[in-house]
1. For residue 331, are the conditions met, namely being in the same structural domain as residue 227 (by TED's automatic domain parsing), among the small types (Gly, Ala, Ser) and more than 27 Å from residue 233 (Cβ to Cβ)?
2. Here are some conditions: (1) acidic (Asp, Glu); (2) over 29 Å from residue 164 (Cα atoms); (3) in contact with a Lys or Arg (Cβ under 8 Å, 6 or more places away or on another chain). Residue 49 meets all but one. Which one does it not meet?
3. So residue 119 ticks every box in (1) farther than 27 Å from residue 196 by Cβ; (2) free of Cβ contacts under 8 Å to residues at least 60 places away in the same chain; (3) among the polar types (S, T, N, Q); (4) surrounded by 13 or more Cβ atoms within 10 Å (Cβ to Cβ) but one. Which box is left unticked?
4. Name the residue, out of 332, 292, 317, 304, that is basic (Lys, Arg) and not in a helix (DSSP H, G or I).
5. Condition test on residue 77, is it in contact with a Phe, Trp or Tyr (Cβ under 9 Å, 6 or more places away or on another chain) and among the aliphatic types (A, V, I, L, M)?
6. Going by the conditions given, is residue 211 assigned by TED's automatic domain parsing to the domain that holds residue 87, within 21 Å of residue 289 (Cα to Cα), at pLDDT 90 or above and assigned to a helix (DSSP H, G or I)?
7. Could you list, in sequence order, the residues of segment 199-234 that are surrounded by fewer than 19 Cβ atoms within 10 Å (Cβ to Cβ) and small (Gly, Ala, Ser)?
8. Scan segment 41-50 and give yes if some residue there is in contact with a Phe, Trp or Tyr (Cβ under 6 Å, 6 or more places away or on another chain), touching a residue at least 60 places away in the same chain (Cβ under 8 Å) and not in a strand (DSSP E or B), otherwise no.
Amino acid sequence: MDDYMFKTYVAECKVAQEATSYLEIFNYTDPSLNTVEEHRFRLDELPDEFGNFCHRRGAFAPPKLKPGVELVSGIRLILQQNAKHPETFTPSYITLSHSNYTLMVRALRLPFRGIESTSVVGPFFWCAPDPDTDPDDSPDTSHPPNLQIIFRKSDVRKKGLTRGWELMLSHDFSTGITTGFAKGTPSSDMVTAIKHLKECAGQVLHPFLLPIIILSHDLSAKNDQKQRDAREWLRKLEHAVSMRNEVLEEEAQYIKDNMVDLDQINRDLVECHSQVLWKRPQAYLEIVRAMKEAMGVFWETARKDERYGRKGGEVGKVHRSMVARLEFYRAKLNGIENYAHTTLERLGIQRAALYNIIAQKESKLSLKMAGEQRRLAHNAKRDSSSMKTLSLLGAIFLPATYLASVFSMTFFDFNDNNNYSRNNGPVSGSGANGTGSGGEEREKNQVVSPDLWIYFVITVPLTLLIVLIWRIWDKRRDRKYEKEDADIEEGIEVMEQQIMAAMRKRTLSKVRTWDVGKV
């Protein structure tokens, strides 16, 4: 089943070629023969070089040893330390050709399930014996099956590139040689881990040496510094949100035009929260637990073998050191988890306080808008009253004005000419305008009444009186409206005070975290 699924997954994968090299470390009973070699594959010049490395033939064949000299331990890795292809850690992508990837997994006895782990998220660790190397199938050998390890971490894209690292190992108990494939992007610590591995070349008999080194670099002081930076950032946010008087210059970035920049604080709260969640310790605690359990299984098998030091030799010391290191990381991760939990709780408090500030400002703005709308309504009411006044005045004076205009038309003539026409007959003359002797006599009779002043004497005082009365009435109405506006303002302030008092009452009614009244 595993073989069929492996071939199916490989066939479905796409290829993203990467620069590939190899690393060989061998330790012998004669330390002068120990070797550490790392070189690039020259596939263009030597197309068979990759296959020769996997099968240990040609230039990679085991050397002939002197009588009495034996191989103690070794590690043989295919490396892609600076994988730069954008799809390197995309699911269903491999960084070797289909034929070379298949050759590597089969010849180095790497776990078939490694191809299925390309889509896992976050840190991932798996360890189990190779089911194809069961000692029951080979009665002549007393060695347990190969121990297979998968350890990887894959992150989402950043600036168009995938990130992460991958490690597949297979440890042969019969030879003490660990074979494997290691890949990492420049953002990972793979280059540093391989350099660290070469410095610890004498300890490669332990198959968990490289996984522990990679974990150590992944859980470096950078993780602790991230949490410290987040706590410092949180302190600045607390000062800004609480609007303390002792806000320092470094918190002045949140002050804009003598007011707190709530948008900037909100953005920084989100960024700070993201930084606290960086490398959550829960996932790594599970990795440490699984790795410690797998190391226990390995040591239960290995300590019975003379090669690994039945009486607690060098490998035993390395094993105990790595177990102690895992315990150290477990305690460290627990501390980070507690620290991050406290930071997240404080962030939650500041976020709630910020939301309360925003809600209060929105309430004040709503009250102000309500006051403005009420004033607009009163202004509209005033305009409506003014229009009503004008309509009333128009209703009073418009009929008389209309009648005066009608009777002043030429169709109605109330002058002395009418009497003259009745007494002397029709007016003779020619032309449409009544020119002639009759017209001249009519013009002589058209005179302005000497009582015209009566019209102005009555009209002007009456108009002034009406305007004065209206003005006095309008002034009284304005004073009334001003008093109503003052009542509105006072009512809004009282309403705001009542809302704030209710909020304080609900806040003070909650259980406090400490009793400030006690000494």
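The values are calculated or read from the model by the stated rules, or taken from the named source; none is laboratory data. Treat the numbers as computed from the prediction; the structure is a model and nothing was measured. Every residue, glycine among them, receives a Cβ derived from its backbone with ideal geometry; neighbour counts consider all protein chains shown.
1. No: the conditions fail for residue 331.
2. Exception for residue 49: condition (2).
3. (4)
4. Values: 332 fails: not in a helix (DSSP H, G or I); 292 fails: not in a helix (DSSP H, G or I); 317 fails: not in a helix (DSSP H, G or I).
After applying the criteria, what remains is 304.
5. yes
6. In short, yes.
7. 201, 202, 216, 220, 221
8. No, because not a single residue in segment 41-50 is in contact with a Phe, Trp or Tyr (Cβ under 6 Å, 6 or more places away or on another chain), touching a residue at least 60 places away in the same chain (Cβ under 8 Å) and not in a strand (DSSP E or B).
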